[in-house]
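Participant: Quick one: the structure is below, questions incoming.
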Amino acid sequence: KAGVTQTPRYLIKTRGQQVTLSCSPISGHRSVSWYQQTPGQGLQFLFEYFSETQRNKGNFPGRFSGRQFSNSRSEMNVSTLELGDSALYLCASSPGGLLGTDTQYFGPGTRLTVL
Amino acid sequence: DAKTTQPTSMDCAEGRAANLPCNHSTISGNEYVYWYRQIHSQGPQYIIHGLKNNETNEMASLIITEDRKSSTLILPHATLRDTAVYYCIVRVGNRDDKIIFGKGTRLHILP
């Protein structure tokens, strides 16, 4: 099975711009979560989508948003970019099952640099 | 906040077993212990998880104490490629539960 894929892998933007990142989950997985990783704050949870609905949300400003499509692919958008948004953005997918544990598998990430 | 405590860093000689400890004294009865690792600038890689019993897979073994307040991840024969940050996480594990990462343990494998 192919793993989680994220595009693009690297991105450079300037302050004030907006950016859209894409994530394709493992085939059959219905849950997609997004995380931000910075040297100062570590890995932080952004939000999680299941069946096109946001189920969980972390403590990030409204400039960070996401969506999920009917094929489970997900996008996250950051508007009005700030220097502090420079980070590795990670996507994780999981089956989203009801029983037992629901293990998340991570993609390689998108490295965003804001100048 | 993360519910686990791990040493900041550890060294292990190549070829030896690497034993990474984790304390989770406030773990609830329905929470699992998960381990991930992250090699520099890559996405975290799932290693193993367990509830009460010890677990083993092709990558590692997980030993959970009887009171479930601590656990140890064992890499049986460490190689240089095992150099990474290892995260111990406790979570209910169902689909409504997000992962909260702590700072992890930076494992250095010494040649």
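Participant: Cα centroid distance between the range B:52-110 and the range B:1-30, in Å?
Facilitator: Cα centres, the range B:52-110 to the range B:1-30: 7 Å.
Participant: Show log10 I(q)/I(0) for the range B:54-95 at q = 0.14, 0.19 Å⁻¹, two decimals, from a solvent-free Debye sum over equal Cα scatterers.
Facilitator: With one equal scatterer per Cα and no solvent, log10 I(q)/I(0) is -0.41, -0.72.
Participant: How large, in percent, is the carbon and sulfur part of the accessible surface of the range A:7-81 at a probe radius of 1.4 Å? Can you show the working numbers first?
Facilitator: Numbers: 1690 of 3740 Å².
It is 45 percent, rounded to a whole number.
Participant: In whole Å and largest first, what semi-axes does the C-alpha gyration tensor of the protein assembly as shown yield when each eigenvalue is scaled by 5 and square-rooted?
Facilitator: After diagonalising the Cα gyration tensor, the semi-axes are 30, 21, 16 Å.
Participant: Rank A:66, A:40, A:96 by mean-square fluctuation in a GNM of chain A with C-alpha springs under 10 angstrom and give only the top-ranked residue.
Facilitator: Checking each option, the largest mean-square fluctuation is seen for A:40.
Participant: So which residue, out of B:37, B:81, B:91, gets the largest mean-square fluctuation from a GNM of chain B using Cα contacts under 10 Å as springs?
Facilitator: Judging by the Gaussian network model, the answer is B:81.
Participant: Please report, in debye to the nearest 20, how large the charge dipole of the range A:28-115 is about its Cα centre when each Lys and Arg carries +1 at its beta carbon and each Asp and Glu carries -1 there.
Facilitator: Its charge dipole is roughly 80 debye.
Participant: If R0 is 30 Å, what FRET efficiency do you get for residue B:9 and residue B:41 from their C-beta distance, rounded to 0.05?
Facilitator: Given R0 = 30 Å and the Cβ-Cβ separation, E is 0.95.
Participant: If you check each cysteine of chain B for another cysteine whose beta-carbon is under 4.7 Å away, which ones come up empty?
Facilitator: Unpaired cysteines in chain B: B:12.
Participant: Given a Förster distance of 30 angstrom, what is the FRET efficiency for residue B:30 paired with residue B:106, based on the Cβ-Cβ distance and rounded to 0.05?
Facilitator: 0.50
Participant: When chain A is modelled as a GNM with alpha-carbon springs shorter than 10 Å, which of A:101, A:80, A:38 fluctuates the most?
Facilitator: Checking each option, the largest mean-square fluctuation is seen for A:101.
Participant: Expressed as a whole percentage, what fraction of the accessible surface of chain B belongs to carbon and sulfur atoms when a 1.4 Å probe is rolled over the protein heavy atoms?
Facilitator: Taking all protein chains in place, chain B shows 47 percent carbon and sulfur surface.
Participant: Still on this structure: For the protein assembly as shown, with every protein chain kept in place, what is the accessible area per residue (1.4 Å probe, Å²)?
Facilitator: 49 Å²
Participant: Ignore the peptide's own chain and count Cβ atoms of other chains within 10 Å of each Cβ in B:40-52; give me the average, rounded.
Facilitator: For this peptide, the per-residue mean of nearby foreign Cβ atoms is 4.
Participant: Something else now. So what's Rg/Rh here for chain A, counting alpha carbon atoms and using the Kirkwood radius for Rh?
Facilitator: Reported Rg/Rh, Kirkwood definition of Rh: 0.96.
Participant: Ordered by residue, what ³J(HN,Hα) values in Hz, to whole numbers, does the range B:58-66 give under the Karplus form 6.51 cos²θ - 1.76 cosθ + 1.60, where θ = phi - 60° and Gly and Pro are x?
Facilitator: Those phi angles translate into 5, 9, 7, 10, 10, 10, 10, 5, 4 Hz.
Participant: I would also like to ask the following. What is the gain in length, in nm to one decimal, between residue A:115 and residue A:83 on full extension, counting 0.36 nm per residue of separation less the C-alpha to C-alpha distance?
Facilitator: Roughly 10.9 nm would be gained on extension.
Participant: When the Cα centres of the range A:62-83 and the range A:1-30 are compared, how far apart do they sit, in Å?
Facilitator: About 10 Å separates the Cα centre of the range A:62-83 from the one of the range A:1-30.
Participant: Averaged over peptide A:83-96, how many Cβ atoms belonging to another chain are found within 10 Å of each residue's Cβ?
Facilitator: 2
Participant: Which of the listed residues, A:60, A:114, A:44, is farthest toward the dipole's positive end in chain A, when Lys, Arg count +1 and Asp, Glu count -1 at the beta-carbon?
Facilitator: Working it through, the farthest residue towards the positive pole turns out to be A:114.
Participant: Once you put a point 7 Å from the Cα of residue B:72 and another 7 Å from the Cα of residue A:60, both along the Cβ direction, what distance in nm separates them?
Facilitator: Each label point lies 7 Å from its Cα, and together they span 3.8 nm.
Participant: Now for a different question. Based on the Cα gyration tensor of chain B, what are the three equivalent ellipsoid semi-axes, each the root of five times an eigenvalue, rounded to whole Å and given largest first? Working shown, then result.
Facilitator: Working: eigenvalues 100, 44, 30 Å².
One finds semi-axes of 22, 15, 12 Å for chain B.
Participant: Tell me, in nm to one decimal, what length is gained between residue A:44 and residue A:67 on full extension, where the rule is 0.36 nm per residue of separation less the Cα-Cα distance? Don't skip to the end; give the middle numbers.
Facilitator: Details: separation 23, 0.36 × 23 = 8.28 nm, distance 1.82 nm.
Full-extension gain reported as 6.5 nm.
The values are calculated or read from the model by the stated rules, or taken from the named source; none is laboratory data. A quick note: this is a predicted structure, and the numbers were derived from the prediction, not measured. Neighbour counts are summed over all protein chains in view; Cβ atoms, including those assigned to glycine, are modelled from backbone coordinates with ideal geometry. The protein model used for the area step is the full one, side chains on, heavy atoms only, and it has no ligands, DNA or RNA in it. Shrake-Rupley method; radii C 1.70, N 1.55, O 1.52, S 1.80 Å.
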